[in-house]
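Novice: Following this message is one structure expressed as structure tokens.
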Amino acid sequence: MSTVNSQRPPITVSTLDLDRLEALMAQAPRAALPYVEALETELARASVVEPEQMPADVATMNSVLRYRDLATQQEHRVTLVYPQHLAATEGGISVLAPVGSALLGLRIGESIHWQVPGGHLIELELLGIDYQPEAAGEYHR
């Protein structure tokens, strides 16, 4: 696993997202444990900034993201959401899903290797951010 971690780019999360994610992880059902542990590992290595200081090219919660799966070259457009908002969000992906956890905190142009259930790795590249709440001045959404 350490070789995978060494290939991961630095990530940035806001204090608001970190607080909400920590509360989410504390309440997550046991079935979600592997996903929670992966997210905890990511958050432990993140640079944490105030929402007002968030660079506009970083994937944050509630951002609309475009990414490419480098294995298939398929491009996707998703909104990164908390699990409780998944049903109400068209094109939403949960931060507890492997792809969601992988994208959180990435900068445009960065790619990441991420382990998914079943033990295989995916590699994703963040192509763009169509909407980021912090860049839109929405600091307390």
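Novice: For the stretch 83-116, what are the residues that are within 20 Å of Pro133 (Cβ to Cβ), open to solvent by less than 40 Å² (accessible area, probe 1.4 Å) and among the β-branched types (Val, Ile, Thr)?
Specialist: Thr89, Ile93, Val95, Val99
Novice: For residues that are assigned to a loop (DSSP other than H, G, I, E, B) and among the polar types (S, T, N, Q), scanning just the stretch 31-66, find the one that is nearest to Val81 (Cα to Cα).
Specialist: Asn62
Novice: Any residue in the stretch 124-141 that's among the aliphatic types (A, V, I, L, M): show its pairings with residues that are open to solvent by less than 10 Å² (accessible area, probe 1.4 Å) and modelled with pLDDT under 95 at Cβ separation under 6 Å, as long as the two are six or more apart or on different chains.
Specialist: Listed by first residue and then by second, the contacts come to Leu124/Ala102; Leu124/Ile112.
Novice: Could you check the stretch 45-81 and list, in sequence order, the residues that are of a type outside the set (A, V, I, L, M), buried (at least 16 other Cβ atoms within 10 Å of the Cβ) and under 16 Å from Glu134 (Cβ atoms)?
Specialist: Across the stretch 45-81, the qualifying residues are Pro51, Asp57, Thr60, Asn62, Ser63, Thr79.
Novice: So which of Val95, Val13, Val49, Val64 is touching a residue at least 24 places away in the same chain (Cβ under 8 Å) and more than 19 Å from Leu124 (Cβ to Cβ)?
Specialist: None of the others qualify; the one that does is Val49.
The values are calculated or read from the model by the stated rules, or taken from the named source; none is laboratory data. Because the structure is predicted, anything quoted here is derived from the model rather than measured. Here Cβ is always computed from backbone atoms with ideal geometry, including for glycine, and neighbour counts include all displayed protein chains. Accessible surface areas use protein heavy atoms only, side chains included; no ligands, DNA or RNA. Shrake-Rupley method; radii C 1.70, N 1.55, O 1.52, S 1.80 Å.
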